[in-house]
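Down below is the structure, laid out as structure tokens.
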Amino acid sequence: MTTFGKIWFVGAGPGDPELITVKGQKLLSQAGAVLFAGSLVDHAVTLYAPPGCAIRDSKDMTLEEMTAWLIEQARSHATVVRLQTGDPALYGALIELARPLSDAGIEWSVVPGVSSAMASMAAAGESMTLPEVTQTVILTRVEGRTPMPDGEDLASLAAHRTTICIFLSITLMHKVETALRSAGWAEDSPMLVVHKASWPGEQKIVRGTLADIKQRCREAGIASQAMIVASPTLGALHWETLARSKLYDPTFTHRFRKASA
């Protein structure tokens, strides 16, 4: 009977090698084989792998070739890592890759990673939520070659007027603009685009409005690997007034602190 090692789906984070989790880095240091998304994951992350580790770039592989490679490596190594950009559970084809592993009787687990949505807001010094402004974040994309399920078109989601982080859509900015306008967003609604969030020396931050963000991105030369954010919270650092969080308000009592005012 063939004995297999364990396959780990590890989130590499948004690009900065130091934003991988401690657990992810530890698994890479123990790995006998690493399959990494070369078109998206900064190659520096693979430097955590030990000497002699079998390292393969998946950018030219089909899903079937990737799963076959992982299964073959699991025959020889106790720890095999599939290194994915951001978080494996978000636009990472996790279930498509994991199903053949389960069918083959191979154990697998997931180590979460920092999403580019979070890294983009961190880079810009923005908050996704604010008291009395929005308490909801929508992570989505616009329809391209991959269709959107019924009811999940951007215009329908944008009608909620929450923070919207739009993945994989920078080349479809015209669709983003059309959807937001259809949902009633004003021309002066603030917009944020971050290219290669956290990537050392490559990150670009573009701010604008619904009316001019497309042109600003064109001027900045951004045509790939970018997060688009539309949110009523953008620019709050410079607002004249801001509703306070009740948790830290001196008039608010909770189980760890009594009201002091």
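The values are calculated or read from the model by the stated rules, or taken from the named source; none is laboratory data. Since we're looking at a predicted model, the values are computed, not measured. In this analysis, Cβ positions are derived from the backbone assuming ideal geometry, glycine residues included, and neighbour counts consider all displayed protein chains. Only protein heavy atoms, including side chains, enter the accessible area calculation; ligands, DNA and RNA are left aside. Shrake-Rupley method; radii C 1.70, N 1.55, O 1.52, S 1.80 Å.
Residue 212 versus residue 145, label points 7 Å from Cα toward the beta carbon: distance in nm?
3.5
How would you order 198-205, 144-151 from highest to lowest mean count of nearby Cβ atoms within 10 Å?
Ranked by mean Cβ neighbours within 10 Å, highest first: 198-205, 144-151.
Over the chain, with every protein chain in place, what whole percent of the accessible area is carbon and sulfur at 1.4 Å, could you tell me? Please list the in-between numbers first.
Working: 7330 of 13720 Å².
Carbon with sulfur: 53 percent of the solvent-accessible area.
What size of dipole, in debye to the nearest 20, comes out for the range 4-109 about its Cα centre when the only charges are +1 on Lys and Arg C-beta atoms and -1 on Asp and Glu C-beta atoms?
Rounded to the nearest 20 debye, it is 320 debye.
Which longest uninterrupted range of the chain lacks any chymotrypsin sites (Phe, Trp or Tyr not before Pro) assigned by DSSP to a loop state (not H, G, I, E or B) and surrounded by at most 16 other Cβ atoms within 10 Å? Mind dumping the intermediate values first?
Working: sites that count: 239, 252, 256.
Longest gap between qualifying sites, sites excluded: 1-238.
Once Lys and Arg get +1 and Asp and Glu get -1 on their Cβ, which of 46, 61, 76 lies farthest toward the positive end of the dipole of the range 4-109?
Toward the positive end, the furthest listed residue is 76.
Evaluate the Kirkwood expression for the hydrodynamic radius of the range 4-109, namely the inverse of the mean inverse distance over all pairs of different C-alpha atoms, and round to one decimal in Å. Can you show the working numbers first?
Numbers: mean 1/r = 0.0750 Å⁻¹.
Taking the inverse mean of 1/r over all distinct Cα pairs, the range 4-109 comes out at 13.3 Å.
Under the 0.36 nm per residue contour assumption, what length would be gained going from the current alpha-carbon distance of residue 64 and residue 21 to full extension?
So the extension gain works out to 12.7 nm.
Enumerate by residue number the trypsin sites (Lys or Arg not before Pro) in the range 1-89 meeting two conditions: DSSP loop (anything except H, G, I, E, B), and at most 14 other Cβ atoms within 10 Å of the site's Cβ.
On the way: sites: 6, 23, 26, 56, 59, 75, 82; in loops: 59, 75.
Passing sites in the range 1-89 are 59, 75.
Using the Cα centre of the chain as origin and beta-carbon charges of +1 (Lys, Arg) and -1 (Asp, Glu), tell me which of 20, 116, 159 is placed farthest towards the positive end of the dipole.
So the residue we want is 20.
Ranking request for peptides 124-134, 186-196: highest mean number of other beta-carbon atoms within 10 Å first, then the rest in descending order. Walk me through the intermediate numbers first.
Details: 124-134: 16.0, 186-196: 19.6.
Those peptides, ordered most packed to least, come out 186-196, 124-134.
Taking the solvent-accessible surface of protein heavy atoms with a 1.4 Å probe, what is the per residue accessible area of the chain in Å²?
Heavy-atom accessible area per residue stands at 53 Å².
Consider the candidate values (1) 21.2, 70; (2) 18.6, 59; (3) 17.3, 49; state which one is Rg and Dmax of the Cα atoms in Å computed from the structure displayed.
The value matching this structure is (1).
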